[in-house]
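Have a look at the structure below, then the notes.
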Amino acid sequence: MIKSRWFYHPLFVFIFSLVALATSLFLYIRSYLRVNEALQDVVLKYNLNAKQIFQGETWVLILTLSLLVTVIIAGLLIIYIYYQKMIQLYRLQQNFINGFTHELKTPIASLQLFLETFSRHELERLEQLRYLDYMKRDTKRLSDNVNRILQLGRLEDRDVKAEFKDEDIVSIISQFIKNTPHLFDEGRVVFETELESYFLQVDFALFEMLLMNLVTNAFIYNKSREKLVRIRLAIVKKNLVLEVRDNGVGLDKHELKKVFKKFYQVGKSTKGSGLGLYIVQSIAKLHRGEISAESAGPGNGTTFRIIFKGSH
């Protein structure tokens, strides 16, 4: 693809348009004032009635033109900002497509290789079970990625209605860890709380989805030998606080808010789909929660904190 020449670049066109408008306004006012001065000389020389020649609308006209030019400039500025946001969204979508394609292609290629191995060779039972275990992992990986797309579609559907019920959050988290050990086969998940129980109005399915995305995200972006995720539940200033802390790759300060954007991926990594934390934020908002990220920097892990305000 041939790069556009510099004079076709939107930034240059925008700046050139602003300069052209400002120059036009300046030349118009300057020309008008010169004509006005000439007319004043004529009035003084021939003792004419100035009121008949100079009307009060003169400066009103100049002011009106100035306001119109200001509106035009503001319109151009808004168009430029919108254009830049569209470019940013396009780049994020491209990153998502590249990353998601990789996430789909890798397990598919792996499954194809294992199936070819089964069809060409006679394998012992233990070896068959080992290959089948690999295939189950690849199938799970495919399923997780497809589920994220379905989850996103459900959350962005304006007609979706969450079924809120009083649920014991302590029990939900405990059961989630107990029932999904396949998510943690690469490390450990520790649940810490001093609460025996805590009831909150939640949509059970969506809340489990929130937990799953937080935990899987913590393992995806983790290069430690012993991957560890700590889930902490506590009451702080009458609000329920859920924290998920990992010992993963960590985040730069400028990425702490960006990670919740749709399709955003840290760096140029092809890991993940760029949807997990966006889905978490959307679910948190449905439950009147506010999510934030904290990190001491790259290599120091990340803490995701959700505050459910007015929950007590």
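Just so it is clear, none of the values below were taken in a lab; they were calculated from the coordinates. In this text, all values refer to a predicted model and were calculated from it rather than measured experimentally. Every residue, glycine as well, gets a Cβ built from its backbone with ideal geometry; the counts of neighbours run over all protein chains shown.
Between Met86 and Ser171, what is the spin-label point distance in nm, taking each point 7 Å from the Cα along the Cα→C-beta axis?
5.2
Subtracting the Cα-Cα distance from 0.36 nm times the residue separation, let me have the gained length for Glu192 to Leu63 in nm, one decimal.
39.8 nm
Starting with the fewest neighbours, write out Asp203, Asp252, Asp246, Asp41 ranked by other beta-carbon atoms found within 10 Å of each beta-carbon. It would help to have the intermediate numbers written out before the result.
Numbers: Asp203 19, Asp252 12, Asp246 25, Asp41 9.
Ranking Asp203, Asp252, Asp246, Asp41 by Cβ neighbours within 10 Å, fewest first, gives Asp41, Asp252, Asp203, Asp246.
Could you give the length gained on full extension between Phe16 and Phe204, defined as 0.36 nm per residue of separation minus the Cα-Cα distance, in nm?
On the way: separation 188, 0.36 × 188 = 67.68 nm, distance 5.52 nm.
Result: 62.2 nm gained on full extension.
Would you mind computing Rg(Cα) / (2.2 N^0.38 Å) for the range 165-308, counting N as its residues? Please report the intermediate quantities before stating the final value.
Values: Rg = 14.4 Å, N = 144, 2.2 N^0.38 = 14.5 Å.
After normalising by residue count via 2.2 N^0.38 Å, the value is 0.99.
Take Ser31 and Ile79, extend 7 Å from each Cα along the Cα→Cβ direction, and tell me the distance between the two endpoints in nm.
2.3
Between Ile220 and Phe164, 0.36 nm times their residue separation minus their Cα-Cα distance comes to what?
On the way: separation 56, 0.36 × 56 = 20.16 nm, distance 3.00 nm.
Additional length available on full extension: 17.2 nm.
How do Met135, Met209 line up, fewest other C-beta atoms within 10 Å first?
Details: Met135 17, Met209 20.
If I rank by nearby Cβ atoms, fewest first, I get Met135, Met209.
Net charge near Glu243: determine it from the other residues with C-beta under 12 Å of the C-beta of Glu243, scoring Lys and Arg +1 and Asp and Glu -1.
Charge balance in the 12 Å sphere: +1.
For the pairs Lys136/Lys285; Lys136/Lys309; Lys237/Lys257; Lys85/Lys237; Lys85/Lys136, flag any whose C-alpha to C-alpha distance is greater than 31 Å.
On the way: Lys136/Lys285 34 Å; Lys136/Lys309 40 Å; Lys237/Lys257 24 Å; Lys85/Lys237 38 Å; Lys85/Lys136 40 Å.
Correct reply: Lys136/Lys285; Lys136/Lys309; Lys85/Lys237; Lys85/Lys136.
Please rank Glu194, Glu208, fewest neighbouring Cβ atoms within 10 Å first, as an exposure proxy. Mind showing how you got there, number by number?
Values: Glu194 8, Glu208 18.
Ascending number of Cβ neighbours within 10 Å: Glu194, Glu208.
Suppose we keep just the DSSP beta bridges with both residues in the range 182-297; what percent of those would be antiparallel, to 5?
55
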